[in-house]
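The structure under discussion appears below in the form of structure tokens.
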């Protein structure tokens, strides 16, 4: 922990009741707090941040996710708890993160949430932060996350007929066939690919 708290102390008191893991980043920025929060408290915490006096100048700046399937990381025993990380990064989980910036306190905080790849349900916060609509649509499309109570669920990048999520590790990098227009036969031709182990 750093010597002086740059975040409001009552923010830490709220997260302490939720049994939340909190880290203070010393390498990136002294004003950067990183918190792992429960999924069922995510919407309520965002309401608290938006309505609270000192936190009301906060804005959402980024939202994305990480597929934790077969995720291997090298950790330093002095910086992080090894047992916690072994239980944290494991198969069939997606790590979703939201970055916020508080213009009044000039501080940044990041919320981490762990969701199951089988259900992939999370409450949408587009009613609290209007720019969350675009960010959550992209994350939903790339990682297949189902945002509950979302106002706009249209796709941004992929075709509407696609149900795959390109950023998941289970997504195939090569197709099973190549489709191209054959000018000699004047028709579309499909040829089956040979799979090669690398």
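For the residues 109, 100, the requirement of being under 20 Å from residue 39 (Cβ atoms) and at pLDDT 90 or above singles out 100. Of everything listed in (1) modelled with pLDDT of 85 or more; (2) assigned to a helix (DSSP H, G or I); (3) surrounded by 13 or more Cβ atoms within 10 Å (Cβ to Cβ), the single unmet condition for residue 11 is (1).
The values are calculated or read from the model by the stated rules, or taken from the named source; none is laboratory data. What you see is a predicted model; the values in this text were computed from it and never measured. We place every Cβ from the backbone using ideal geometry, glycine too, and count neighbours over all the protein chains shown.
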